[in-house]
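To keep things clear, I will list the structure first and then write my remarks on it.
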Amino acid sequence: MENNTRVAIIAANGGMFDAYKVFNIATAAAASDKEVGIFFTFEGLNLIHKEAYKNLPLPEGKEHFQEGFEKANVPSISELLGMAQEMGVKMIGCQMTMDVMNLEKDNFVDGIEVGGAASFIEFAKDADISLTF
């Protein structure tokens with residue numbers, strides 16, 4: 001039986017913890033043959049910005065997590081982003097937010113789409129699971 005489960009994720013926050021939540025769930029879902037789409041808006045655009053995703057902030061007072069991530073061999077955000085891309089996770093950058101922030105598609109990692117909320121709604125309308133981070 002074919003698995004047609006669809007997972008729609010909205011990434012609206014741009015910190016390190018947000019990136020781990022978004023990419024861990026996206027890659028886990030994709031690894032279990034779910035169709036995954038992520039809509040990046042507002043600070044969430046940092047998660048796919050060519051420079052910003054390399055320096056995502058940890059919440060104040062949580063800096064010790066960085067050492068914990070390394071000790072536990074948790075993949076970096078860069079590695080998780082690459083895994084998501086290889087697994088075919090659909091990534092949509094919010095056109096409106098990009099316009100407001102004066103950003104172009106070239107400011108983001110390769111392979112993303114740019115679209116408005118309507119294009120994500122089209123993907124999400126058939127979603128079995130919807131998450132917002």
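The values are calculated or read from the model by the stated rules, or taken from the named source; none is laboratory data. Owing to the predicted nature of the structure, the values given are computational and were not obtained by experimental measurement. Note that each Cβ is placed from the backbone with ideal geometry, even for glycine, and that neighbours are counted across all protein chains shown. These area figures cover heavy atoms from the full protein model, side chains too; ligands, DNA and RNA do not enter into them. Shrake-Rupley method; radii C 1.70, N 1.55, O 1.52, S 1.80 Å.
Computed over the alpha-carbon atoms, region 1-74 gives an Rg to Rh ratio of 1.04, Rh here being the Kirkwood radius from the mean inverse distance. Only Lys, Arg, Asp and Glu carry charge here, each on its Cβ (+1 for the first two, -1 for the last two); on that basis the chain has a dipole of about 180 debye about its Cα centre. Partners of Lys54 within straight-line reach, counting lysines whose Cα lies under 20 Å from its Cα and excluding those fewer than 8 residues away in the same chain: Lys21, Lys62, Lys71, Lys105.
Take His49: with every protein chain present and a 1.4 Å probe, its accessible area is about 40 Å². The shape of region 45-99 comes out oblate: with a ≥ b ≥ c from the C-alpha gyration tensor, a/c is at least 1.5 while a/b does not beat b/c.
Applying a DSSP loop filter and a limit of 16 other Cβ atoms within 10 Å to the GluC sites (Glu not before Pro) in region 51-124 leaves Glu51, Glu60, Glu63, Glu104.
Cross-link partners of Lys125 among lysines, defined as those whose alpha carbon lies under 18 angstrom from its own and excluding same-chain residues fewer than eight positions apart: Lys34, Lys90.
Computed over the chain, the per-residue total of -39500 (n - 2.57) for DSSP H runs of n ≥ 4 gives a 222 nm mean residue ellipticity of -10500 deg cm²/dmol, rounded to 500. Among Met98, Thr5, Gln85, which residue has its Cα furthest toward the positive end of the charge dipole of the chain, with +1 on Lys/Arg Cβ and -1 on Asp/Glu Cβ? The Cα lying farthest towards the positive end belongs to Thr5. Largest mean-square fluctuation among Gly93, Gly115, Gly61, in a Gaussian network model of the chain whose springs join Cα atoms under 10 Å apart, belongs to Gly61.
Distances between every pair of Cα atoms in the chain, grouped in 10 Å steps from 0 to the bin holding the largest one, split as 13, 45, 32, 10, 0 percent.
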